[in-house]
Every structure is written in C-alpha cells, then in structure tokens.
Protein chains: 2
Amino acid sequence: MSHKKYAIGVDMGGTYTKFGLVDDQGTITRAQQIRTDSYRSPEDFVAALSLHLQSIVDYHDQDHTITGIGIGAPNANYHTGTIDRAANLPWRTYIPLRDMVASAMNIKTVITNDAKAAALGEMQFGVAKGMKDFIVVTLGTGIGSGIVSNGQLIYGHDGMAGEVGHIIAKPNGRPCGCGRKGCLETYASATGILNTAQKIMLANNLVPFENSQAITDAAMMGNPMALEIFNQTGKVLGKVLAHVHTVISPEAIIFFGGLANARDYLLVPTQKAFEEELLFVYKERKPQFLISALQHRNAAILGAAALVF
Amino acid sequence: MSHKKYAIGVDMGGTYTKFGLVDDQGTITRAQQIRTDSYRSPEDFVAALSLHLQSIVDYHDQDHTITGIGIGAPNANYHTGTIDRAANLPWRTYIPLRDMVASAMNIKTVITNDAKAAALGEMQFGVAKGMKDFIVVTLGTGIGSGIVSNGQLIYGHDGMAGEVGHIIAKPNGRPCGCGRKGCLETYASATGILNTAQKIMLANNLVPFENSQAITDAAMMGNPMALEIFNQTGKVLGKVLAHVHTVISPEAIIFFGGLANARDYLLVPTQKAFEEELLFVYKERKPQFLISALQHRNAAILGAAALVF
C-alpha cells in the first residue's frame, strides 16, 4: 500500500475547465476537460463539473483518500472562496465557487487565482522546489503574479496581493482595461507586446505580427524588428520588477505563460534593465531569472492541486 | 509567581544605544543608554554594552528567566546576524553583532533593522495588534519599512526586503545617496521634505525652514507654504505607496518616525494621492492610514524585544 497523497486539481478558464487527479509527486492521471462556456449559469457549470469530479473520486482506489479539491480560476479569492465579476468568464456575476463545489462534492475545497496557483505549483513540483522567497510572474493576456515569502503565499488582507500587472510602468502611458494609464500589462503582456510590435512595424511600413508567438518566431530567425520589440518590452518589465524586488527581495523571478516562451529574447533585456534599476544592496545576491518548469505540463492543474497539499 | 515573559530590547543608533528589560505586555523597566560613538571599535562597544546588559540580567528576579536579547540596528540583517557598512554607525565595517553579543552574554540574541523591529513592535504592542497584513513606513532621515504578511515579517531571501525608500518615485529625479536618481526618500523623508521646502521657500523669497519639525509647526499655524510642501510630499509618497500596496495588499499603512509627527498635514494628501493611484479592486477594502502608537514610547526598544517574543 502506497503512502502517496492525492488531490484533485481544477484549472478553470474562460473557454475550458481542465481537471485531473494529482499525486504529491506531481503526476496527473485521469485528466479531462469540459467547456466552461457551454453552461448557461455557474450552477449548471458546477453541476456538470461535479459529475466529472465524482467519477474521478469513484474510480479512485479507496485506500487512497483524496485530501481535497484545489481550483485555480480567474479573479478567485482564497479568503472568501468566491469569484467576483471575472472579465474572462462567461458569467459576470459573484460566484461562491468554493462552497458550491464543496457542498456538491462533500470534499474540502480551496480556490485561488491562476497566478497564485502557479506559484504553489512551482514550489511543489517546479523550479522553485526548496525556495522560500520567489515570485512567479504570469505573462499572458494580462500579467499576474504569485508571491511566496518565507515559504508562504502572500495573499494580502483581502486576497488580492500581487497584481503587479497594474503597477504603473509609465505615467500617462497606454490606457489600461482597469481605467488607469500606463499599467505594466499594457506593455509587457502578450497583448501589450503585440501593441508595441504593431507600432514599430507600422512606423517601418512592415506587415504587423499576428500574435506574440509570431514575434518570438521572428526573433528566432534573427529578425531585427522582433529583437527590438523584445528589447523595448524587457526595458519596461525589468524596471517594474526592480521595484517589486525592492519590496519582497525574492531569490528567483520565475516567468510563466505564453510570452515566457520567448525565453532569452525577453529575459535578457528584462534582466539587463532590472539590474540597471536595482538598488546596490541587492547586487551581491541578485535573484535568478528562470522560466517555469511547468510551462507545458498542465501547470494550472498541478498548481491547483498544490493548494491542497 | 507571575507568568510574564521577559526580553531585553536594544535600540542601537549612530549616537546612542538604548536598552531595557521588556515584558510581554510592553512595559519597559531599567531603561538605560550608552553613547555608541564613544567606542573606538565594535569590540569595545560590545564589551561595554554587555556589562550593562549583564547588570540587567543579574538584577532581574531569578524566577523569571529572560527569553532573549533583541537588537534593532541600522542595516542589520536578521538572516546573517550582521551589520554591513552602516552609513549611520561610527564604524563602517562588517560587524557580526548577533554572535558577538550572544557569546558575551550567553543568551539567545536576534537582530534586525530598525524598520522591521518597528513593525514587530507595532504588531505586539501598538496599533497593529491583531493584524496579519500591514506595513510600517518609517519616515526619518531616510525611509524604511517593515512589512508583515500573514502575521510574519517579510525578510526576503537576503534579509533585505522592504527598502521602499529606494523605489524610484520620479525617473531622473533628485540624486539619492544610493547612487541612483528619484528615490522616494529624496522626496518624502525628513531630509527630502526639507529639500522640497527650501526650493519652494527660495522661489518665493522666503526664509527656509530649519528642519522638518519647523514645517509641521508652520502648518499648524496655517502657513500656506507649509501646507503646499506637505501636499507636494504627500503626492509623491501616496503614489509610491499605491504601488507597494499592489504587491502586498495590507490592511493598514502605519507611519512612524519624525515626519509622522506631521500627522494629517502629511497623511491627508498622501491618502488622497494613494487612492487616486489605487487599482479599483482595492477600493472596496482600502487600507487604513495610521500613525504608530509607539511613536513616543521607546518604540525601538519595544520592537527589538518583540523580535524575541
């Protein structure tokens, strides 16, 4: 009889919700997905999700009880267990998701937002194993972060800590969805870099890139415009990260999400700008710049399960 | 027989080192001080300090053992137990202070920097009692901070977290002692506000203020220049604090140190700028702006003792 622990990890996104059974070594079995956007209401969604989760529980060897269900979801709040008007979900309402799932399944359920789940996943199964102070920066459609300090996730008093995508990178800069101007994510998210790219390409009478992956592909071919786009983006990202570093002094800054696929094309200029901006006291023990180890491994399911462990 | 716990708190400054016996209710007895700057070397200083601390130990009722010695000192590092080239101490060397005091006294000794000690003091004895997420901002000659998240002090991997005085408030702004430009403390420390004051007063052909207390005194008399100086300072401070808030989302921002004596003259414009800059998700549960409760109560001795408790 094994002494492994098991949890169910749920990665809830706007289009798909993925889930699976995760053991404490990070192995996922019985991974499945349903379409989030094919349900008319959160209640219908939870009913369908619970049926699938129950089949995982029923199938699971009775000797190994499942410790809990962890859910990573947009705008999810660990403290309240709710999702509040998430822009990326089909229902723009207040959803008490944790309690809905817990009462349907009768299993302890915890939720948090995607970026915080990613940080926990990285600590349990990824490049942050053994680290006590690090930050995972998620570079996707927007920018989020999960900050671990002294081995614990920083939630803040309201569960909303770590919204580094909304630190003002340029006063009076690009308009942001949040209603302010110059937020980091208007420059350094997948959407932000595409915006920078279009400006540079149009100014040079060149055909715009289709998406951020196309900029990475062009950089790999040595395209000087693509390299310049990454340079400009890294400059903005590195400076803001130097300020974040000043607050929490992590030993590693770990990049996750679509734009992290650009690897050194983005990381080298980011680290350069970061170090130029860094206070001298941090220069002796500079943080490592790393790419997530879970990037292509159902990271969000692992991270959600890590919430339980 | 009482069940109180006791610790010795030591507040080491560049000119004076103050210390006393502190119980877990925050009562200080046998408070004394020696002049830090009258010793030729750290070794001489520790020898003298230890004699005084020993007399406190010897005098202390043998039924109540002393749990430890806590020291708050400039540039002190909790992890390494050392002070590294503190600009404000008479000896600009690397001082393994924790181990020096521990071996002289044979009592468990811990050290940290002044701002972090202040945060612990505030949590144990001051306005942050019962809070788990808050930041103490020390507005003195420089600006420091002690950040508590989930009930724990954030040290960072190197013990150097929380140097918020060196977040760049204005790119290419005033030169800072750290070698960079535009750091928050060049605007919002006691030195920074005096600099702002002199600029405003000279531009208006008025006699400069002598020190930051004089600006507060003038504001209390309704002096419009003094009020304008606080407005300008609060604008810079509030914006940077909004960025810090985005990282850690505390339930309170607590001000400590000389400039905190200006109270609402500084806090009202700071809070106004803070709220203007704040991301909407934080607006429902905005942090409280508070003045330290230990401001005039040997806070640093209490904070240093709180390190032990």
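Annotation: residue A:215 fulfils all but one of (1) of a type outside the set (S, T, N, Q); (2) within 14 Å of chain B (Cβ to nearest Cβ); (3) closer than 18 Å to residue A:142 by Cβ; the unmet one is (2).
Does residue A:192 satisfy the criteria of being surrounded by 24 or more Cβ atoms within 10 Å (Cβ to Cβ) and either modelled with pLDDT under 95 or away from chain B (no Cβ under 14 Å) (or both)? Against the criterion (surrounded by 24 or more Cβ atoms within 10 Å (Cβ to Cβ) and either modelled with pLDDT under 95 or away from chain B (no Cβ under 14 Å) (or both)), residue A:192 qualifies. Of the residues screened, residue A:102 is not one that is assigned by TED's automatic domain parsing to the domain that holds residue A:16, buried (at least 24 other Cβ atoms within 10 Å of the Cβ) and either among the β-branched types (Val, Ile, Thr) or in contact (Cβ under 8 Å) with a residue 24 or more places away in the chain (or both). Where residues in region B:268-282 are hydrophobic (A, V, I, L, M, F, W, C) and part of a helix (DSSP H, G or I), which of them is surrounded by the fewest Cβ atoms within 10 Å (Cβ to Cβ)? Taking the candidates together, the pick is B:280. Look at residue B:200 and say whether it is crowded, with 24+ Cβ neighbours inside 10 Å and more than 8 Å from chain A (Cβ to nearest Cβ). Against the criterion (crowded, with 24+ Cβ neighbours inside 10 Å and more than 8 Å from chain A (Cβ to nearest Cβ)), residue B:200 does not qualify. Scanning region A:108-131 for residues that are over 10 Å from the mean Cα position of the chain (by Cα) and either without any contact (Cβ under 8 Å) to a residue 60 or more places away in the chain or closer than 20 Å to residue A:158 by Cβ (or both) returns A:109, A:110, A:111, A:112, A:120, A:129, A:130.
From the list B:204, B:231, the one residue that fits, being in the same structural domain as residue B:287 (by TED's automatic domain parsing), modelled with pLDDT of 95 or more and over 16 Å from residue A:167 (Cα atoms), is B:231.
Considering the conditions (1) surrounded by 24 or more Cβ atoms within 10 Å (Cβ to Cβ); (2) in a helix (DSSP H, G or I), residue B:236 is excluded by exactly one of them, (1). Within region B:109-159, the only residue that satisfies the criterion of being farther than 26 Å from residue B:21 by Cα, crowded, with 24+ Cβ neighbours inside 10 Å and away from every other protein chain (no Cβ under 14 Å) is B:139. Of all the residues in region A:160-175, those that are in contact (Cβ under 8 Å) with a residue 40 or more places away in the chain and within 8 Å of another protein chain (Cβ to nearest Cβ) number 4.
Among the residues of region A:81-89, none qualifies, meaning not one is away from chain B (no Cβ under 14 Å) and over 30 Å from residue B:284 (Cα atoms).
Looking only at region A:293-305, residues that are surrounded by 24 or more Cβ atoms within 10 Å (Cβ to Cβ) and either of a type in the set (Ser, Thr, Tyr) or free of Cβ contacts under 8 Å to residues at least 24 places away in the same chain (or both) come to 0 in all.
Scanning region B:238-261 for residues that are more than 14 Å from chain A (Cβ to nearest Cβ) and free of Cβ contacts under 8 Å to residues at least 60 places away in the same chain returns a single hit, B:261. In the set (1) in a helix (DSSP H, G or I); (2) surrounded by 19 or more Cβ atoms within 10 Å (Cβ to Cβ), the condition left unmet by residue A:209 is number (1).
The values are calculated or read from the model by the stated rules, or taken from the named source; none is laboratory data. Values in this document were obtained by computation on a predicted structure and should not be read as measured data. When we count neighbours, we look across all protein chains shown, and the Cβ atoms used for this are built from the backbone with ideal geometry, even at glycine.
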